[in-house]
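Report on one structure; see the data block that follows.
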Amino acid sequence: MSKIEFVDQTIRDAQQSLWGNMMRTDHILPIAETMGKVGYRAIATVGSQAFTIQVRQHNENPWERIRSVSGLMPRTCLRGSYQTGSLSSFDLSTPRNIISLWIKRSVANGIRSFWICDYQENVERFRYFAKIAKAEGAEVVTSLMYSASPAHTMEHWTEKVQKIVATKECVDRIMIEDASGIITPEQIRELISTVRKHCEEIPLEFHGHCNSGLAPLCYLEAIKAGVTTVHTAVAPLANGTSLPATETILKNVRHLGFEADLNNDALAAVSAHFRQVAAKESFPVGVPREYDLFHFEHQVPGGMMTNLTRQLREVGMEHRLNEILDEVIKVRKEFGYPVMATPYSQIVGAQAVENVVSGERYKTITDEAVKYALNYYGEPVAPIDQNVMDKIMSLPRTKEFLNWKAEGYLKSVEELRQEIGPELSDDDLILKILIPIHLEMFLGSLTQARPVRGIFEHSV
């Protein structure tokens, strides 16, 4: 009888999707010890790009959260996440040695597993940072991010898996992720069959969102097709734009005849705790979504949809949501069908907002769209529309980016420390580089918080 393991996303992707990253450390610590007794294979915690949000929105030290949670669940693996290009979604200038230091300090503070996101893969860059994580004794989980378009064929997925296998000395597991919640039961069976045929028995995980309402069924099909680990969240933070409920998937897994070593009592206690948090803070509780064909067209992922809706409401533009989503469909096609996940979904979304608000398509083109067209975010899966490319290449701003190189990218940690603050610890040096205007709060003098940058700031 096969055993199915669970990765808990309650305090990471689930709260990002439903609560817009508003979960604080004091919401977690009272139940952390019990979470460690549930029997999860791993518990996901904030990634590098959520550090900024945690500092600016909650005035919290991200390192302290990791240390505190790790200390309360010493036998449970904590999983962090980062992109190999940068520690910040929209900043490609993070020095390489700071990314390396962030990996090392994450392990020192309690992270024992990394989900590494690099959706338009730079294989050598992935291998470089994955080797550092492995050398520190951490597990490396790489992503195969599902997306639907004419360019995303089974041949495309075969090529992606072969790139992963080429780095298999650095890879412990492959996580198939459907951030937009658009995969169907038939597609998940075909995809997993294709991946298993080429992955050389690297263990598979599945992480899917409930945006279309199909995810719980897709999870069962994924398990029957050979996935051995699934990502879920406790019921109050499940469904909606989040992931399926642990309680539901666990019950159905056992009904199918698979084993799962989760403690029902501990799981119930964790679920009850976060239901109380939701009630106290007036946070939403996830409910199943209605099936919506429109979602399969725009493919906006859960966390981004939550932030987009909230931020449009704040500026009195919520009534234009569907208009913007229609524009997202057009921009994504013109941009060569990028994966709708951070940072690509935000690049597409921000340009769609500009097109709608200005009243003229591509009247204003964002800097990130320019960098994307210049392949700084990786090569698109399909060519960018030539008319759009011509507009981008004619911009004076584009010429500024043609030979752009990240200043200080290859500087050593000590060079950077001498420039930024010789007295800084490694942890504070990383925060100073990621969040320069706000670090003083951790060094003894409070500064005024800066608002979260941009309408689509979103963490991985």
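With only alpha-carbon pairs counted, each pair once and no self-pairs, how large is the Kirkwood hydrodynamic radius of the stretch 234-332 in angstroms?
Values: mean 1/r = 0.0626 Å⁻¹.
About 16.0 Å, per the Kirkwood formula over Cα pairs.
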Completion exercise
Highest mean packing first, using Cβ neighbours within 10 angstrom, the peptides 212-223, 228-239 sort as 228-239, 212-223
Exercise for the section: Taking 7 Å along the Cα-to-C-beta vector as the label spot, tell me the Glu314-Glu155 distance in nanometres, rounded to one decimal. Expected result: 4.5 nm
Exercise for the section: Place a label point 7 angstrom from the Cα of Asp292 along the Cα-to-Cβ direction, then list the residues of the stretch 314-358 whose backbone nitrogen is under 16 Å away. Expected result: 318-329
Practice task
Please list, or write none, the aspartates and glutamates whose alpha carbon is within less than 15 Å of the alpha carbon of Lys251, excluding same-chain residues fewer than 8 places away.
Solution key: Glu5, Glu221, Glu259, Asp261, Asp265
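Determine, for each peptide in 102-109, 133-140, the mean count of other beta carbons within 10 angstrom over its residues, then list the peptides with the highest first.
Numbers: 102-109: 20.5, 133-140: 17.2.
Ranking the peptides 102-109, 133-140 by packing returns 102-109, 133-140.
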Exercise for the section: Report, in order of residue number, the helices in the chain meeting two criteria: a C-alpha extent of 24 Å or more along the helix axis, and a mean Kyte-Doolittle hydropathy of at least -1.0; treat each whole DSSP H run as one helix. Expected result: 264-281
Problem - Residue pairs, from the table Lys3/Lys160; Lys134/Lys371; Lys224/Lys333; Lys131/Lys168; Lys134/Lys224, whose Cα atoms sit over 22 Å apart - result: Lys3/Lys160; Lys134/Lys371; Lys224/Lys333; Lys134/Lys224
Problem - By average C-beta atoms within 10 angstrom, highest first, the peptides 354-367, 196-209, 244-257 - result: 196-209, 244-257, 354-367
Handout entry: Normalised contact order of the stretch 5-281, rounded percent, pairs of Cα under 8 Å and 6 or more residues apart
Key = 19 percent
Problem - Computed helical MRE - 222 nm, the chain, DSSP H runs ≥ 4 contributing -39500 (n - 2.57), nearest 500 - result: -14000 deg cm²/dmol
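Would you kindly state how much longer the chain becomes between Asp367 and Asn264 on full extension, computed as 0.36 nm times their sequence separation minus their alpha carbon distance, in nm to one decimal?
Using 0.36 nm per residue and subtracting the Cα-Cα distance, I get 32.2 nm.
Read the figures in this text as sums done on the coordinates, not as results from a lab. Since this is a predicted model, take the numbers as computed values, not measurements. As a convention, Cβ positions derive from the backbone with ideal geometry for all residues, glycine included, and neighbour counts pool all protein chains shown.
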